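A short reminder: the numbers here are calculations on the coordinates, not readings from a lab. All of these numbers come straight from a predicted model, not from anything done at the bench. Note that we place each Cβ from the backbone using ideal geometry, even for glycine, and neighbour counts take in every protein chain shown.
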Amino acid sequence: MDFAFDARTEELRAKLLAFMDEYVYPAEQVAHEQRERAASPWETVPVVEELKAEARRQGLWNLFLPDGGYGAGLTNLQYAPLAEIMGRSPQLAPTVTNCAAPDTGNMEVLAQFGDAAQKKQWLEPLLAGEIRSAFAMTEPEVASSDATNITTRIERDGDEYVITGRKWYISGAMHPDCAIFIVMGKTDPDGADLRRQQSMVLVPRNTPGVTIKRAMQVFGYEDHYHGGHAEVIFDQARVPVSNLIGEEGGGFAIAQARLGPGRIHHCMRLIGMAERAIELMCRRAVSRSAFGKALAQQGVVQNWIADARVAVEQVRLLVLKTAWMMDTVGNRGAHTEIQAIKIATPRTVVGILDRAIQLYGAGGVSQDFPLAELYAGARTLMLADGPDEVHQRSLARRELKKYL
Ligand SMILES: Cc1cc2nc3c(=O)[nH]c(=O)nc-3n(C[C@H](O)[C@H](O)[C@H](O)COP(=O)(O)OP(=O)(O)OC[C@H]3O[C@@H](n4cnc5c(N)ncnc54)[C@H](O)[C@@H]3O)c2cc1C
């Protein structure tokens, strides 16, 4: 295994680091102020559009997409350190480089499983950053970590599919530019094979019968930059049968394919969040004193910082190994590692952020520093894209199988 950065990665890293320093970090406060003055909290603020144009001009655009025909054509190992850098400013950097979830996963699905017409209509404007998208699987009424529970119906009626169901926590759906949903539902709810009952269809947001009911919160945050997380009702929404992605019964398999890269991207960005937390911890520790000495001189603070450094190095190595395996043996072959990082990274980073918040005192839970919002975001990743326990169960089963 060789995790050394190659020449292309080094070049992109240098460019991205400079872009972060020159444009992204200074824009954090500007974006916040612009949002406070905006007519609607969901409106795209001008600084985001300016940064998008600059990122695109600099070639820092669609870096996530391994398909060179559509995106940058980077391997997972090449993309990992770049996603980590973006994760240091998770609200802005992924968005302005067109590397934000859920659009990334949706573009991957369309690039991999979409037909020519679907690519033309939806993938091309997504790649250009002209529209946004959402992925609608989770339902409030059923335990959605088990996708076989999904109840949304996709019924064929002549040349159309009729979609009926209720979804929630649909990321991106509050964004005014969100034009298209990839909806997971059942075309064959009584089918013998539980994993062939589901299909995926493209549902334009303006389809009659589609209602964005409300914005769901995350510990009170609404995640405006990512287009929030909506509850969405599909009440007999009709789309042409040509909106099916892949084949009927193929929804489960597409969902699995979508989640592999998505999970590693989340982990890469989480490591960037942890690096930001360590930096903030150190800055605070050297600049504030209590009981006659700098916080940095307290043994307990030194332990927090040392433990954080060790933990970040550990998960980064595991994430790089996973990226390397995905590149060399494929996503299926790297299944155990993908699950391992999805379990290890959020909990490690949540722990680091928790101690960083402690070090900042009341400031840590305030809106004046990014720690509270970073914590909220990291904590959700112990649930989203599969709760920890589901990954633990599946990983343990594979491990135990060797002894049965
Ligand atoms: C911020 C955020 C954004 C999201 N974005 C999207 C999105 O864009 N699109 C979308 O479709 N969904 C999205 N989700 C939903 C997310 O994917 C689901 O919450 C997740 O899959 C879990 O489903 P659930 O909430 O129904 O929990 P449930 O399935 O009800 O599970 C609840 C708990 O039960 C336990 N549990 C479940 N199964 C097992 C098991 N096998 N063994 C042991 N314990 C178990 C776990 O502790 C789990 O947390 C998002 C969620 C959040 C918080």
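Assorted remarks:
- Approximate shape of segment 252-401 as ellipsoid semi-axes (Cα gyration tensor, √5λ), whole Å, largest first: 34, 15, 12
- Projected area averaged over orientations for the chain, convex hull of C-alpha atoms, nm²: 21.5
- Environment charge at residue 398 (Cβ cut-off 13 Å; Lys +1, Arg +1, Asp -1, Glu -1): +3
- Within the shell of other residues whose beta carbon sits under 14 angstrom from the beta carbon of residue 20, the net charge comes to -2, with Lys and Arg scored +1 and Asp and Glu -1.
- With bins 5 Å wide beginning at 0, the percent of Cα pairs of segment 7-114 falling in each bin runs 2, 12, 22, 24, 18, 12, 7, 3, 0, 0.
- Of the peptides 308-318, 261-271, the order by per-residue mean of other Cβ atoms within 10 Å, starting with the highest, comes out as 261-271, 308-318.
- Comparing 299, 71, 87 in a Gaussian network model of the chain (Cα springs below 10 Å), the most mobile by mean-square fluctuation is 299.
- Taking other Cβ atoms within 10 Å as a rough exposure proxy, 167, 120, 15 sort from fewest to most as 120, 15, 167.
- Cα shape, segment 91-191, gyration tensor, a/c 1.5 rule: oblate
- Among 74-83, 353-362, 390-399, the order from most to least packed when residues are scored by Cβ within 10 Å on average: 74-83, 353-362, 390-399
- Debye-sum result for segment 131-245 in log10 I(q)/I(0), which assumes one identical scatterer on each alpha carbon, at q = 0.14, 0.17 Å⁻¹: -0.53, -0.77
- Relative packing of peptides 151-159, 174-182 - highest average C-beta neighbours within 10 Å first: 174-182, 151-159
- From the C-alpha gyration tensor of segment 185-281, square roots of 5λ in Å: 33, 21, 11
- Under a model in which nothing but the beta-carbon of Lys, Arg (+1) and Asp, Glu (-1) is charged, the chain shows a dipole of about 980 debye around its Cα centre.
- Overall, segment 239-311 carries a charge dipole of about 560 debye about its Cα centre when +1 sits on the Cβ of Lys and Arg and -1 on the Cβ of Asp and Glu, all other atoms neutral.
- GNM result for the chain, Cα springs below 10 Å: residue of 223, 368, 385 fluctuating most strongly: 368
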